[in-house]
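The values are calculated or read from the model by the stated rules, or taken from the named source; none is laboratory data. In this text the structure is predicted, and so the values were computed from the model without any measurement. So basically every Cβ, Gly included, is an ideal-geometry build from the backbone, and we count neighbours across all protein chains shown.
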Amino acid sequence: MSGRRPLAALLAALGLLAAAAAHARAEELTVSVAISMKEAVEAVGRDFAAAHPGAVLRYNAGASGELAAQIEAGAPVDVFVSAGVRQMDALEAKGLLRPGSRRLFARNVLSVVVPAGAGAGLTGPAALLAPGVARIAIGNPRTVPVGEYAEASLRALGLWERLQPRLVLAENVRQVLEYVGRGEVDAGFVYATDVAVRPGRVREAFRPPGGSYPPILYPVAVVGGTRAPRLAAAFVDRLAGPAGRTVLARYGFLPPA
């Protein structure tokens, strides 16, 4: 009998460890987030984790189009934060989002930035045609929402075709910021919230007219294949709720109209 007790205790301990491991896996949350929102969402995530002991948040940041393609390909993602409505619409149309989980939670505006200490004469869209503005970085409009907005603005202002030879396409908005910060381009289209990410390296030259591009809205949703639907829904509620809005405001994001 004495030999059976240690064995029973060992089996019980192993069972508890297995249950704990399963619980730990269930508490993991993978958030695919538009890179322009990375720092703000991580800040919300820290508060969320503090309020949900045992929750582990992992982040996958990139261009919204690329993140959406990953979800379509079956990537294990629980929450998708997009910088564009089109990418979220595509996933929803294919039934890849959890019904009823989608929320609009933030808004942004376009900004044209130049290297710090340069571009003194760049005061409006027409100035992009000046001979001294040889290279202009924008996100690839096919996959990067900020590129879509930049193209829409330039088309509305009658500048798109004329500026084609000067455009440098980037993989995401932060790459645009890097190009400008390193002086590899003369100007770049980013979000207003990105300017503070590279203090001392870039400065805002001007903001394109708001009516020249669609509203920049950030939607969030729980991905249909999530393994932690309750935790994912709670995170979406936190991000889109009053606590999340307070954090987002610190990073310069506006509430949705």
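Reported count of residues in the range 209-221, each being of a type outside the set (Gly, Ala, Ser), surrounded by 15 or more Cβ atoms within 10 Å (Cβ to Cβ) and out of contact with any Phe, Trp or Tyr (no Cβ under 8 Å at 6 or more places or on another chain), is 1.
As for the range 103-116, it holds no residue that is more than 26 Å from Arg250 (Cα to Cα) and either surrounded by fewer than 17 Cβ atoms within 10 Å (Cβ to Cβ) or touching a residue at least 60 places away in the same chain (Cβ under 8 Å) (or both). Restricting the range 105-149 to residues that are hydroxyl-bearing (Ser, Thr, Tyr) and at pLDDT 95 or above leaves a set whose member that is nearest to the chain's Cα centre (by Cα) is Tyr149.
Does the range 157-171 include one or more residues that are surrounded by fewer than 16 Cβ atoms within 10 Å (Cβ to Cβ) and either touching a residue at least 60 places away in the same chain (Cβ under 8 Å) or among the small types (Gly, Ala, Ser) (or both)? Yes, the conditions are met somewhere in the range 157-171. For the range 28-56, the tally of residues that are among the hydrophobic types (A, V, I, L, M, F, W, C) and assigned to a helix (DSSP H, G or I) stands at 10. All but one of (1) more than 28 Å from Gln87 (Cα to Cα); (2) in contact with a Gly (Cβ under 8 Å, 6 or more places away or on another chain) hold for Thr193; which doesn't? The number of the failed condition is (1). Scanning the range 35-64 for residues that are among the small types (Gly, Ala, Ser), touching a residue at least 24 places away in the same chain (Cβ under 8 Å) and touching a strand residue (DSSP E or B) at 6+ places or on another chain (Cβ under 9 Å) yields Ser36, Ala40, Gly45, Ala55, Ala61, Gly62, Ala63, Ser64. For the range 133-152, indicate whether the set of residues that are without any contact (Cβ under 8 Å) to a residue 60 or more places away in the chain, buried (at least 19 other Cβ atoms within 10 Å of the Cβ), out of contact with any Asp or Glu (no Cβ under 7 Å at 6 or more places or on another chain) and farther than 15 Å from Val109 by Cα is non-empty. Yes, the range 133-152 contains a residue that is without any contact (Cβ under 8 Å) to a residue 60 or more places away in the chain, buried (at least 19 other Cβ atoms within 10 Å of the Cβ), out of contact with any Asp or Glu (no Cβ under 7 Å at 6 or more places or on another chain) and farther than 15 Å from Val109 by Cα.
Might you let me know whether the range 57-64 holds any residue that is assigned to a helix (DSSP H, G or I) and surrounded by fewer than 22 Cβ atoms within 10 Å (Cβ to Cβ)? No: zero hits.
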